[in-house]
1. Could you list the residues of the range 198-215 with an amide nitrogen less than 12 Å from a label point located 7 Å from the Cα of VAL147 in the Cα-to-C-beta direction?
2. Please state the charge dipole magnitude for the chain, taken about the Cα centre, from unit charges on C-beta atoms (+1 on K and R, -1 on D and E), reported in debye and rounded to the nearest 20.
3. At what distance in angstrom do the alpha carbon centres of the range 211-250 and the range 131-184 lie from each other?
4. Treating only the Cβ atoms of Lys and Arg (+1) and Asp and Glu (-1) as charged, compute the dipole magnitude of the range 157-249 about its Cα centre; round to the nearest 20 debye.
5. For every other residue with a beta carbon closer than 13 angstrom to the beta carbon of GLN217, add +1 if it is Lys or Arg and -1 if Asp or Glu, then tell me the sum.
6. Among VAL147, GLY43, GLY240, which residue has its Cα positioned farthest towards the positive end of the charge dipole of the chain, with +1 placed on the Cβ of Lys and Arg, -1 on the Cβ of Asp and Glu, and the dipole taken about the Cα centre?
7. Taking the Cα-to-Cβ direction at ALA168 and at LEU247 and moving 7 Å from each Cα, how far apart do the two end points lie in nm?
8. Please give the charge dipole size of the range 10-127, origin at the Cα centre, charges +1 on K and R Cβ atoms and -1 on D and E Cβ atoms. Round to the nearest 20 debye.
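Read the figures in this text as sums done on the coordinates, not as results from a lab. These figures come from a predicted structure and were not determined experimentally. Cβ placement follows ideal geometry from the backbone for every residue including glycine, while neighbour counts extend to all protein chains displayed.
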Amino acid sequence: MLALFGVMIPFFSMAAQQPEIVCIQCHSTMPGKLGEPVKLWRGSIHAENGIACNACHGGDPADAANAMSPARGFLGAPKETAIPDFCGRCHVGVKNDYLASAHGRALGRGGPTCVTCHGNHLVLKASLNLINEQSCSRCHSFERARVIKAAMKETEDMIVAIDARITAYKAHGTDTGKLEKELFAVRNRFHTLFHNVDVELVRRDSAQIQDELKKIQNTLQGLDDSYRKRKIAGAVAVAGALLAALLLHVLRKTYD
Ligand code: HEC
Ligand code: HEC
Ligand code: HEC
Ligand code: HEC
Ligand code: HEC
């Protein structure tokens, strides 16, 4: 994370003064393979987060004449085997998981790289939809992918449901800070599961993560119970007050 900020801060301060960098100015006018990256990139999560051409490819985004000079840090387009390091400068944890996995070990020998699954310029927010028969059966059968997806889908559904319950309590004014922090930590751990593509590991870790989610569910159940009790106590108090008012009224009538 710190490494990521290190990369991003110099970029953001530059982006503030330079809304349209020279890379985009020049490449957006070019046909075919040289212009296409600009169009694709505009719709990406990287564009949304201020990660422009030079953040990935290096070079000087403020000097058209020397933009692609290696002396200005230009890296060019990475070869297939260099892609994990290229993307991994910012996504360090993912890179390490990937390199240790069956996919990383098959790099350059038929294994997928980051862009095989995420694309290169039109990278979108990641989700379990990336695990699908069409994409994952390009090189092998879908069976192991199906097991991984099922375990992860079950866990993700739990996370989404818990998130909705916490949000509802928060809207009621309950202090949910601790629960939110717990869910955040579990969710982060969950999202590091995939790149190992190790069926047994994903199964085992999913079970552990689900145990932690069940603890959060128990805390929420406790909140539900005490909320219900308070509601009943409230209703009893209201009913009592009404009964007292009625008695008083009847008493007055009898004395009148
Ligand atoms: C004045 C026009 C111009 C500017 C400015 C410019 N480019 Fe290029 N770029 C080109 C042309 C022409 C090519 C194809 C010929 C070549 O590779 O030199 C190219 C090629 C590339 C390639 C492919 C190289 C490869 O190895 O296949 C990348 C990546 C690239 N540019 C990125 C950038 C980035 C990043 C910037 C800004 C820092 C930038 N360009 C600025 C004109 C430009
Ligand atoms: C998230 C990182 C990333 C960003 C941001 C990015 N690129 Fe690329 N670019 C790549 C990768 C990776 C490749 C190698 C593509 C491959 O092998 O699939 C590439 C390849 C290219 C090529 C060579 C295309 C070809 O097919 O030969 C050009 C030109 C290029 N990029 C220009 C740009 C321009 C211009 C921008 C800004 C609008 C940009 N890139 C932004 C990662 C990025
Ligand atoms: C200069 C830093 C940098 C480089 C290099 C980079 N990214 Fe990113 N990437 C980011 C930032 C910043 C975000 C948005 C914040 C986030 O979600 O982490 C992001 C988001 C993503 C996401 C969405 C994450 C999510 O939460 O759903 C994916 C997928 C992704 N990048 C893949 C790639 C791929 C593939 C490459 C190489 C082609 C690459 N990135 C290169 C900085 C970078
Ligand atoms: C075999 C396909 C595949 C490959 C190869 C792959 N990814 Fe992913 N990636 C996914 C899937 C599927 C998810 C969504 C997992 C989830 O929802 O928890 C994901 C999630 C992500 C995320 C968001 C979650 C997180 O941990 O931050 C980032 C960033 C990311 N990938 C970057 C990369 C990078 C960088 C590489 C290369 C080093 C890479 N991916 C290689 C399929 C792949
Ligand atoms: C470009 C080819 C390619 C694509 C696309 C691909 N894989 Fe793989 N995958 C491989 C190779 C090569 C291996 C290692 C040999 C083997 O076990 O089949 C592998 C192995 C695996 C394994 C077994 C890992 C282990 O430790 O035993 C799983 C699970 C897997 N892939 C899941 C996926 C999923 C999920 C996707 C789609 C998001 C996907 N693969 C897409 C090439 C690919």
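1. 198-204
2. My answer is approximately 560 debye.
3. 32
4. 360
5. -4
6. Towards the positive end, the residue furthest out is GLY240.
7. 3.7
8. Here the size comes out at about 320 debye.
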